[in-house]
Every structure is written in C-alpha cells, then in structure tokens.
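All remarks here apply to the structure that follows.
The values are calculated or read from the model by the stated rules, or taken from the named source; none is laboratory data. If you're wondering where the values come from, they're calculated on a predicted model, not measured in any experiment. Positions of Cβ are generated from backbone atoms using ideal geometry, with glycine treated the same way; all protein chains shown enter the neighbour counts.
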Amino acid sequence: MTVIPLSDALDREFRPLYETRPDGPNLHVLEGDPLTGSSQTLFRYGRNYAGSGNLHFHTHDYRLWLIEGVLKHWDADGNEESAPILLPGSYVYQPADLIHAANCLTERCIAYVIFDGPIETGFPDDTNSPSEER
C-alpha cells in the first residue's frame, strides 16, 4: 500500500523530464519507469515554463489530474487564448500522437500523470520525432 498526503506530494524531489531542459517540466516518479514503460508520476511546471505553448505529441496516451496551480491545455485546432482554464481537480485525457500544447499560468503547477508507455515527445516539424502518425 502507498499513501501520500497532498502536502508530502507537493514537496517531493523533482528532476527534469529532459536533462537538457531543466526549465521545462520536472517529474517525480511514483511507480513504473517513464523511460521504458508505463508510469505514474507527479509533474511540476513553472509559470510559462520552457517549451510552454509549443505544439508537440507523445507516443502513448496519458491522463492528467491537476493538483495545484492553473493550467491551460489545447490541441492543434485551438490556442492558448481560447483554451479553458483548468483549476485543481481538472482532468485531461491526451491520446497518443495527438498534437497539443500546455502552459502553467501560476507560479507552479503540479499534476498527477499516468502514461500508458514510455514518455516520448515529438514535434510536428521534426523529421526525427519518434512517431510517424501525426
């Protein structure tokens, strides 16, 4: 059994999702291995974090529940201005290969995120991206 009070979850040690982008999303792994398979993680984003608003996709579905902060999340047909404001308790289901973007509007945002496979990120204009189905 694992029990994590909210105050403990918010003060965990986080590491950059991508070592080369320490100002981007940071995560704390609760279960699994985000490099090789499915995982349950806490994601932390700072206000207007590096990469915010950039359209991208992931090769596996994920589910996100916002715990702290105010977030916007939109797909390629939308934009930040028209995206709904997400408050704590909000839920996002993001299908694999669907182009999307997000931005944290507060000092920090923390979300509980479940990925169905490795966390692999690609960009629509990058020929080296991990998926061809965009």
Checking L35, L17 in turn, the sole residue that is surrounded by 15 or more Cβ atoms within 10 Å (Cβ to Cβ), modelled with pLDDT under 95, among the hydrophobic types (A, V, I, L, M, F, W, C) and closer than 25 Å to A96 by Cβ turns out to be L17
Residue pairs qualifying under the 8 Å Cβ cut-off, at least six apart or on distinct chains, with the first in the stretch 6-23 being of a type in the set (D, E) and the second being surrounded by 13 or more Cβ atoms within 10 Å (Cβ to Cβ) and at pLDDT below 85, are D23/A50
Self-check item: Boolean, Y112 is at pLDDT 95 or above, closer than 20 Å to L10 by Cα and within 10 Å of the chain's Cα centre (by Cα)
Solution: yes
Note on the stretch 59-74: residues more than 27 Å from S7 (Cα to Cα) and either of a type in the set (S, T, Y) or at pLDDT below 95 (or both) are T59
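Restricting attention to the stretch 77-109, which residues are among the hydrophobic types (A, V, I, L, M, F, W, C), under 25 Å from S38 (Cβ atoms) and either assigned to a loop (DSSP other than H, G, I, E, B) or over 15 Å from the mean Cα position of the chain (by Cα) (or both)?
A96, L98, I99 - these are the residues of the stretch 77-109 that are among the hydrophobic types (A, V, I, L, M, F, W, C), under 25 Å from S38 (Cβ atoms) and either assigned to a loop (DSSP other than H, G, I, E, B) or over 15 Å from the mean Cα position of the chain (by Cα) (or both).
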Condition set outside any helix (DSSP H, G or I), of a type in the set (S, T, N, Q) and closer than 22 Å to Y91 by Cα, scope the stretch 3-47, selection farthest from the chain's Cα centre (by Cα): answer is S38
If we keep only residues of the stretch 79-93 that are surrounded by 14 or more Cβ atoms within 10 Å (Cβ to Cβ) and in contact (Cβ under 8 Å) with a residue 24 or more places away in the chain, then the residue farthest from G69 (Cα to Cα) is E80
Only one of A50, A101, A96 is surrounded by fewer than 15 Cβ atoms within 10 Å (Cβ to Cβ), within 19 Å of D125 (Cβ to Cβ) and of a type in the set (A, V, I, L, M), namely A50
T41 meets each of (1) β-branched (V, I, T); (2) touching a residue at least 40 places away in the same chain (Cβ under 8 Å); (3) exposed (fewer than 15 other Cβ atoms within 10 Å of the Cβ) with one exception, condition (3)
Filtering the stretch 48-69 down to residues that are of a type in the set (A, V, I, L, M), more than 12 Å from the chain's Cα centre (by Cα) and part of a strand (DSSP E or B) yields I67
